[in-house]
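The structure appears below as structure tokens.
The values are calculated or read from the model by the stated rules, or taken from the named source; none is laboratory data. What you are looking at is a predicted structure, and each value in this text was computed from that prediction instead of being measured. Note that each Cβ is placed from the backbone with ideal geometry, even for glycine, and that neighbours are counted across all protein chains shown. Only protein heavy atoms, including side chains, enter the accessible area calculation; ligands, DNA and RNA are left aside. Shrake-Rupley method; radii C 1.70, N 1.55, O 1.52, S 1.80 Å.
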Amino acid sequence: MRNFGEWRWGIGLVVAVLVLGLPVPQPQAKPQERVFRVTARQFAFEPPVLQVNPGDRVVIELRSSDVVHGLYVEGYDVEAVAEPGQPDRIVFVADRPGTYRLRCSVTCGDLHPFMGGKLRVGRNPWLWKGAALALWGVTLALFAARPRTREGGR
Amino acid sequence: MTARFDVLRYPWVRRLVVSRWPQYLVRVTLLALFLLAVLVGWLGTPVGNRNFAIVGVWIAWWAVLILVAVPFLGRAWCSVCPLPLPGEWLQQGSLLGPRGRGGWSLGRRWPRRWRHIWLQNAGFTVLALFSAVILTRPGVTAWVLLGLVLLAVGVSLVYERRAFCRYLCPVGGFIGLYAQAAPLELRVKDPAVCAAHTEKACYTGNEQGFGCPWGTFPLGMVRNDVCGLCFECLRTCTYDNLALNIRPLGADLAQRRGAKLDEAFKAFILLGSALTYAAVFLGPWGALKDAAYDVGAPSWWGYAALLVGLSWVILPGLFSLGVWAGRPRLSWRRAFTVLAYALVPLGLAMWAAFSLAFVAASVAYVLPVLSDPFGWGWDLLGTAGWAWRPVLDGWLPLLQAGLLALGAFWSVRTARGIGAIWGWPRAVYPVAGYVALMTGGMLWLLLG
């Protein structure tokens, strides 16, 4: 046990790094074109969540129903800006799995900084890796780490 | 006693904290910025992300507070906070240090029945209920800031010491709880020296400094929540018997002394508000944002019920079920209270993970606003026209996942420590389940 005690942090760290490096299986569907007609209003996109598979060609047609809105896709660095009656369009290939935030990029009112949506490309590896990492952390704390107390109790 | 390192052994650190001037200059500068924020809130553009009141307070200050100051320096913010400064000046009748004459305060003792943080808990909840408006409308932010200063002044004119900070400030309770996880503490070196010292200058004050503004007797201090790191005791102690220690993270959390039910509830209020904020401000649900913003509308009442119900009923209720399932050897109330401190690291991690996303999306407003604080078309720094782009694009999910996993680990480890102290090893299992549930929920809200 003493040897394990000496090595436990190293083992814990190595497992954590392995968890972060593990590949997350993605849907193996044939890439296709996905067209989304997104309507922006103060302070939401409709639909709020866009789901595609890795490799899909994504077309977002942005319309505004009230004031000028932008739609910026984090991680892909593409942007559309639509005025009422003047839609805009962006096209890109969703080649990286994950969940990416859609954000309004044109100041549109009080809640503008919080106006957003999500683009889900396949399964989000960070969600699964984060969950596995947290479970590993809980397991490590339960069975390997020594409890620390103010009284110095071990 | 676990390892401690007293940074006051370096003469320059001692000079820096014992001298009044560095702290004073920072506080006066922050007070000036604070007054500027109030002024800009009223006079500047009503567009929040172009107004210094919103960007300076809720993005820049908040980022520094939750991502740096609280996790690493505990209550260090309280030592330079400008909110109580005007009230202190009036109360002490002095702008800098004791002058041998009284101030303009009635100097009453804070009523015994109000010596807890339930009022802070209620105040934080009320601010959270209106946060969608406060965070986005500069005029409202200005009134809230001014209201807090006026309240602090009023309390200082009636009561002694910093009663506002200790019992009323809505942010103070938040900082006090999480400061207990920080790797910095001010503590007595040798308790016997304090016990034998009859004058207790650290509490009563002398010509070198004021009696503890937080009403704390350092000898009895076992947790960071009751120390505002104002360093008055360092100035008044005639025996050089105080240390400013670097210590292990979370050192206050697993111990027998100092656990309180009001503070235990604070842990749930902060967990509940972190989850609610992540859903409202970072989630894709427009109806939820509308509900949080339309104060007084039926949907807002639904939002209020969600926030209050989650923070005050559902989360503590679930936890108390876990406590019951863990078959404690203590009374239910005691078991609930001591074990709730295990949730402090996870709560801090959840707030940090939420704030990272919030700040990453909004930090790009800071330089343009510094260049044009009122939103009047100025360009003082040449950065007013800088385009908005979020930062930490690819790193954010890794940082958030890492923070939450670390918080989960640390919370369960703390629960084991609490269980070991109270002879209740089974305590860790309900906490582990609860922590897994909270972490999973926050991961889904932030990364799902």
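A few points about this structure:
- Scan of the stretch B:273-297 for residues that are of a type in the set (D, E, K, R), part of a helix (DSSP H, G or I) and open to solvent by 10 Å² or more (accessible area, probe 1.4 Å), ordered by number: B:290
- Residues in the stretch A:89-135 that are over 30 Å from residue B:58 (Cβ atoms) and part of a strand (DSSP E or B) were compared, and the one that is most open to solvent (accessible area, probe 1.4 Å) is A:89.
- Residue B:432 more than 30 Å from residue B:324 (Cα to Cα) and small (Gly, Ala, Ser): no
- Meets criteria (in the same structural domain as residue A:38 (by TED's automatic domain parsing) and without any contact (Cβ under 8 Å) to a residue 12 or more places away in the chain) for residue A:113: yes
- Number of positions in the stretch B:241-264 that are free of Cβ contacts under 8 Å to residues at least 40 places away in the same chain and more than 21 Å from residue B:78 (Cα to Cα): 1
- Of the helices (runs of 4 or more DSSP H) lying entirely inside the stretch B:171-272, the ones with 2 or more residues being open to solvent by less than 40 Å² (accessible area, probe 1.4 Å) are found at B:201-204, B:232-236.
- Annotation note: of B:358, B:354, the sole residue that is at pLDDT below 95, under 22 Å from the mean Cα position of the chain (by Cα), within 17 Å of residue B:62 (Cβ to Cβ) and of a type outside the set (Asp, Glu) is B:358.
- Residue within the stretch A:102-117 that is under 23 Å from residue B:401 (Cβ atoms), aromatic (Phe, Trp, Tyr) and facing chain B (nearest Cβ under 8 Å) present: yes
- When residues in the stretch B:39-66 are screened for being open to solvent by 10 Å² or more (accessible area, probe 1.4 Å) and either in contact with a strand residue (DSSP E or B) (Cβ under 9 Å, 6 or more places away or on another chain) or away from every other protein chain (no Cβ under 13 Å) (or both), 11 of them pass.
- Of all residues in the stretch A:51-79, those satisfying the criterion of being part of a loop (DSSP other than H, G, I, E, B) and touching a residue at least 24 places away in the same chain (Cβ under 8 Å) are A:53, A:54, A:55, A:65, A:66, A:67, A:68, A:74, A:75, A:76.
- Considering only residues in the stretch B:298-342 that are among the hydrophobic types (A, V, I, L, M, F, W, C) and within 14 Å of another protein chain (Cβ to nearest Cβ), the one that is surrounded by the fewest Cβ atoms within 10 Å (Cβ to Cβ) turns out to be B:300.
- The listed residue being open to solvent by 30 Å² or more (accessible area, probe 1.4 Å) and within 18 Å of the chain's Cα centre (by Cα), out of B:126, B:140, B:158: B:126
- Condition met for residue A:153 (under 30 Å from residue B:414 (Cβ atoms), surrounded by fewer than 21 Cβ atoms within 10 Å (Cβ to Cβ) and modelled with pLDDT under 95): yes
- Scanning the stretch B:380-428 for residues that are among the polar types (S, T, N, Q), surrounded by 15 or more Cβ atoms within 10 Å (Cβ to Cβ) and farther than 24 Å from residue A:73 by Cβ yields B:411, B:414.
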